[in-house]
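I have placed the structure first, in the form of structure tokens, so that the comments after it can refer back to it.
The values are calculated or read from the model by the stated rules, or taken from the named source; none is laboratory data. These numbers come from a predicted model, not from an experiment. Note: ideal-geometry Cβ built from the backbone for every residue, glycine included; neighbour counts use all protein chains shown. Surface areas here come from the heavy atoms of the whole protein model, side chains and all, with no ligands, DNA or RNA. Shrake-Rupley method; radii C 1.70, N 1.55, O 1.52, S 1.80 Å.
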4 protein chains.
Amino acid sequence: VYLRAWQDFDHHTLILTEAPEPGLAHIGWRVATREDALDLERKVEDAGLATRWIEGSEITGHGDALRFFTPGGLPFEVYWEVSPVDPPEEMRSLMPSHPSRRTHYGAAPRRVDHVTFAVDDVVLEQRFLTDVCGIRHNYYSQTGDERWGSWMSCNNLSHEIALIRGATNGHGMLHHVAYYADSVEDVLRCADLLVDHGYGLEWGPGKHGTSGATFLYFREPSGNRVEVWTGGLLIFAPDWKAIEWGGDVQPLGNSYWSTPMPDSFVEGTSLPRDLAVAP
Amino acid sequence: VYLRAWQDFDHHTLILTEAPEPGLAHIGWRVATREDALDLERKVEDAGLATRWIEGSEITGHGDALRFFTPGGLPFEVYWEVSPVDPPEEMRSLMPSHPSRRTHYGAAPRRVDHVTFAVDDVVLEQRFLTDVCGIRHNYYSQTGDERWGSWMSCNNLSHEIALIRGATNGHGMLHHVAYYADSVEDVLRCADLLVDHGYGLEWGPGKHGTSGATFLYFREPSGNRVEVWTGGLLIFAPDWKAIEWGGDVQPLGNSYWSTPMPDSFVEGTSLPRDLAVAP
Amino acid sequence: VYLRAWQDFDHHTLILTEAPEPGLAHIGWRVATREDALDLERKVEDAGLATRWIEGSEITGHGDALRFFTPGGLPFEVYWEVSPVDPPEEMRSLMPSHPSRRTHYGAAPRRVDHVTFAVDDVVLEQRFLTDVCGIRHNYYSQTGDERWGSWMSCNNLSHEIALIRGATNGHGMLHHVAYYADSVEDVLRCADLLVDHGYGLEWGPGKHGTSGATFLYFREPSGNRVEVWTGGLLIFAPDWKAIEWGGDVQPLGNSYWSTPMPDSFVEGTSLPRDLAVAP
Amino acid sequence: VYLRAWQDFDHHTLILTEAPEPGLAHIGWRVATREDALDLERKVEDAGLATRWIEGSEITGHGDALRFFTPGGLPFEVYWEVSPVDPPEEMRSLMPSHPSRRTHYGAAPRRVDHVTFAVDDVVLEQRFLTDVCGIRHNYYSQTGDERWGSWMSCNNLSHEIALIRGATNGHGMLHHVAYYADSVEDVLRCADLLVDHGYGLEWGPGKHGTSGATFLYFREPSGNRVEVWTGGLLIFAPDWKAIEWGGDVQPLGNSYWSTPMPDSFVEGTSLPRDLAVAP
């Protein structure tokens, strides 16, 4: 099943495939041009990592793609061409800026926002992502010398990708996928709907001090963690320096209203599906 | 200091007096007429409780008042006449429905909402309030045979007065005073302001399943608990039956999103100031 | 079709019946007891108006009811017993305070709020409702000597019933029915949904200065006006005096943000269905 | 007076200077590096426009800057170095992501968002901004052959700069400056504050279909138009094609809820202050 939120402009932003247990097939990232993908291929190989190419198609919803495992074990895919969005008649909107009619049931987030992974060594993985892949380091959470998490983006979002320290034994795990809601009212409505349908919430509604965004985390039925969030800061400065959230403010960075974080939250929820596949 | 929220229509809704330690002087309730006060006097005395009268004045902001201690030890006052609201020039609004100009700084709640007390025996106190004082019992929280709390009102609010079980040794304590904010956005803004000014939050932002209202609890500097809340249900049925929140749904009644309640929350925060005063 | 909002505690709050053209069958009001209905019967007859009784049933969703036309021509019904709410399995909620599971599609208002009528003479009709029916006059809009509208309630709402001046030729017309949304976000979401489905909005989103509530008016497909609104003031004072919105603030009372009111708004949308029926 | 919103990370985002009448001194844009500024200088001169340099300083809050008039007559400034933000003690926040403590009075927008100009020929000016200055064309409003407006950005915002057709006689005028509020609640609170303090609103609260953002326009005391807005879409696609809002949906693009636009809205509010100054 190929899914997208009502104002995701891409062919899909989440693919679900049937499997005996939860797992992460790959994470896809779009670059602007074929040259950008080739340039990244060189840099990744210079860093000593193997790469391979897969053929795109109407089914994948994008053109040819480069694949590799990051040093922390995350299965990445990079592509540049995307299939056009072509919703069925009943999902079409009059509005030319609405690739689908605004969803009028359920939590109805506007768009995909970011994805977060659990890795053994946050610093090592963040440096690869920043120095090799060119993803700006926006802020990090630190207790003494230990890096608890790092948040990064190539655009104005507070993060497109984040890393949280977990015990993954070299196989970086999916931590959560986040969709963006239009308002805190929408985040709270999502919380209400989940509870009223018998699903537990894992953490929140709460607020991250780091991004300033209001969050809600829950597990979908097969066990993967999902976040619905809204608001917070955008980053525009061309010379942005990563902000440290350590010392006294580290807890506020994590949970601005001190909404207690459950122990389960540090766990990654899905291993890469094909651990043994050479890229 | 006499305080009221920007759309409180009464002379004041909170009085602060200097004291060496936090305490509760009295809780005032308005009835419609002198006859209503006299009628209540008879009923309270028939219940075996002592009453006394105090003279009203411009300083108290209301006319003559009846005073008594409830069976649970709460210092109640009942009056019917109120002094007119007469704000200074700079606080006046053009709007005839605004007794003061809408506050444009801080949390700025719209109006007082309710007051909650800790008492030894919730059932006993609730029956006095309902059977003698005529305050409708709206809902209660129960674990097995134990009544954890009861919520009551004479109007459409989900509660004007509530009781929570605490160890008060016969002297009912103030648990919290609640002001009504216009939106969850305003409750969350209040949370942000408190944190940004170095104050801790005690519980929330969260949601009560019972009332459906969004809440935030914190302690003001001298230690009394304050709630800012919004939304939830109103009660219109003339034959309303008190709703039981027990068994499996008791925790959801308390904290709909499972935002963990801190242990400190069961504590009353202020003893009646004049424990030894005969009414 | 019998409709109610997700937290309406009554059997229904709106009945739709098939008809060749839009019309108003009757407006039902609940009183607490049979004695209250009999008392009202006497007062209405003393005012020179005819009354009749109809038998209640499972189909009407309430017990026996008194019917009469007001001086302005409005078809009123008064009852005291209501049938219990018994939703089908898939609409039931775990929450004992939710007579139905919270609706998770569409505008999903929480409850019915009020009903407004167009009448020839607002002052005359308001006096009947206040003096004979005992409905408190809360505020009114006045241009010079001309009463443009009056808003009334028996409870804490800013109004349960309102009157707007229109040319009705003695037959008071339905002006609009209002449902209460939980937040301005919900009112705005309702506006978005209507536009995205090709329906026009008649007025708003905007804000009434009088009540302080945020409003949206639209016509349902057969032409009746519907309001979705939220927020604003509640009235608690036992000695409330009706507030005048006249002179310079009259326009702000009507449209606080000066959102232009369309000319069509003064029109009633449905005549009483049975103009010739003796009560 | 140098102003910035509470989470503007730059030294200032608005400068007010005393003058006998409203006017626009210049609009400053930050580029990443000196090379970017030099590159732009070449392109602007190749387009046949004059440029000049001004010296930066602690007072200007930035380093050396390039100045030029656009073809439509807008006074632009381009710089790359900025002075650090150093708020006085009482405005400092504990939060390392808060360059100032969150403002707790007034409308309190989070950050600057965009600036809009009135020009004689929207197509001509937009092509200069896109082809010479490299600013992506995001969407435009068109009635038949006539371009009513164009919206552009270099980042994920729906626009940083916009153009509206006006009669400016070759001297592009300021149309409005927009600040970003965190929620529609905040936009509506801003509307309430303005009305309660006797200021009129020019247009809104309303919603633009184009961006999907909720807006409010008003004039500050000297006559310049200010917008407070929130929400709407972000643009991430590297191959974004400008969306046309013409034909039947043109009015919805302008005013999604059909909130009537006043005639005054098409007027620019400030001419460039130094019309005769050669760059």
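Tabulated values for the structure
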{"quantity": "Proximal aspartates and glutamates to B:Lys43, defined as alpha-carbon separation beneath 16 angstrom and excluding residues fewer than eight positions away on the same chain", "calculated": "B:Glu35, B:Glu77, B:Glu125, B:Asp131"}
{"quantity": "Antiparallel DSSP beta bridges within chain C, percent to nearest 5", "calculated": "70 percent"}
{"quantity": "A/B buried area, accessible surface, summed, 1.4 Å probe, Å²", "calculated": "1500 Å²"}
{"quantity": "Largest-first ordering by accessible area, 1.4 Å probe, given options A:Cys154, A:Cys190", "calculated": "A:Cys154, A:Cys190"}
{"quantity": "Chain-alone versus full-assembly comparison, segment D:78-114, residues with accessible loss of at least 50 Å² (1.4 Å probe)", "calculated": "D:Leu94, D:Met95, D:Pro96, D:Ser97, D:Arg101, D:Arg102, D:His104, D:Arg110"}
{"quantity": "Exposure rank, largest accessible area first [A:Arg102, B:Arg52, B:Arg42; 1.4 Å]", "calculated": "B:Arg42, B:Arg52, A:Arg102"}
{"quantity": "Dipole moment magnitude, nearest 20 debye, segment C:31-152 about Cα centre, only Lys, Arg, Asp, Glu C-beta charged", "calculated": "520 debye"}
{"quantity": "Shortest-first distances to equivalent copies, position D:Trp240, nm, label 7 Å out along Cβ", "calculated": "1.6, 4.9, 5.0"}
{"quantity": "Probe 1.4 Å, protein heavy atoms only - accessible area per residue of segment B:201-265 in square angstrom", "calculated": "33 Å²"}
{"quantity": "Net dipole in debye of the protein assembly as shown [+1 Lys, Arg Cβ; -1 Asp, Glu Cβ; about Cα centre; nearest 20]", "calculated": "0 debye"}
{"quantity": "Prolate/oblate/rounded call for segment D:48-202, Cα gyration tensor, a/c under 1.5 rounded", "calculated": "oblate"}
{"quantity": "Accessible-area composition of the protein assembly as shown, carbon plus sulfur, in percent [1.4 Å probe]", "calculated": "52 percent"}
{"quantity": "Segment D:203-248 and segment D:78-124: distance between their alpha carbon centers, rounded to Å", "calculated": "18 Å"}
{"quantity": "About the Cα centre, charge dipole magnitude for chain B (Lys/Arg +1, Asp/Glu -1 at Cβ), debye", "calculated": "360 debye"}
{"quantity": "Signed unit charges on C-beta, dipole axis of segment D:1-159, positive-most listed residue D:Leu129, D:Thr60, D:Leu3", "calculated": "D:Leu3"}
{"quantity": "Accessible area (Å², 1.4 Å probe, nearest 10) - A:Leu124", "calculated": "110 Å²"}
{"quantity": "Förster radius 45 Å - calculated FRET efficiency between C:Leu193 and B:Leu14, Cβ distance, rounded to 0.05", "calculated": "0.60"}
{"quantity": "Solvent-accessible area per residue for segment A:126-189 (1.4 angstrom probe, square angstrom)", "calculated": "33 Å²"}
{"quantity": "For chain D: rounded, prolate or oblate by the Cα gyration tensor [a/c cutoff 1.5]", "calculated": "rounded"}
{"quantity": "Euclidean distance of C-alpha centroids, segment B:165-198 and segment B:128-158, integer Å", "calculated": "20 Å"}
{"quantity": "Residues of segment C:47-115: accessible area per residue with a 1.4 Å probe, Å²", "calculated": "46 Å²"}
{"quantity": "Per-copy distances of the D:Ser222 label point, shortest first, in nm (7 angstrom along Cα→Cβ)", "calculated": "4.7, 5.9, 6.1"}
{"quantity": "Cβ-vector label at 7 Å, A:Ile59, separations to other copies in nm", "calculated": "5.9, 6.9, 8.7"}
{"quantity": "Ranked order, A:Asp274, A:Asp86 - accessible area, probe 1.4 Å, largest first", "calculated": "A:Asp86, A:Asp274"}
{"quantity": "Contact order relative to length of chain D, as percent, for alpha carbon pairs under 8 angstrom and 6 or more apart", "calculated": "20 percent"}
{"quantity": "Hits among lysines - C-alpha to C-alpha of C:Lys207 under 20 Å, sequence gap 8 or more where chains match", "calculated": "D:Lys207"}
{"quantity": "Beta bridges by DSSP in segment A:6-87, antiparallel share as percent, to the nearest 5", "calculated": "75 percent"}
{"quantity": "Minimum Cβ-to-axis distance in chain C for the rotation onto chain B, with residue, whole Å", "calculated": "C:Asn156, 2"}
{"quantity": "Percent antiparallel among DSSP beta bridges (both partners in the protein assembly as shown, rounded to 5)", "calculated": "70 percent"}
{"quantity": "Solvent-accessible area of D:Ile15 with every protein chain in place, 1.4 Å probe, in Å² to the nearest 10", "calculated": "70 Å²"}
{"quantity": "Share of alpha-carbon pairs per 5 Å distance bin for segment B:208-279, given as whole %", "calculated": "3, 11, 16, 19, 17, 14, 10, 8, 1"}
{"quantity": "Probe 1.4 Å - accessible area at B:Asp10, Å² to nearest ten", "calculated": "50 Å²"}
{"quantity": "Relative contact order of segment D:174-229, defined on C-alpha pairs under 8 angstrom at six or more residues apart (%)", "calculated": "42 percent"}
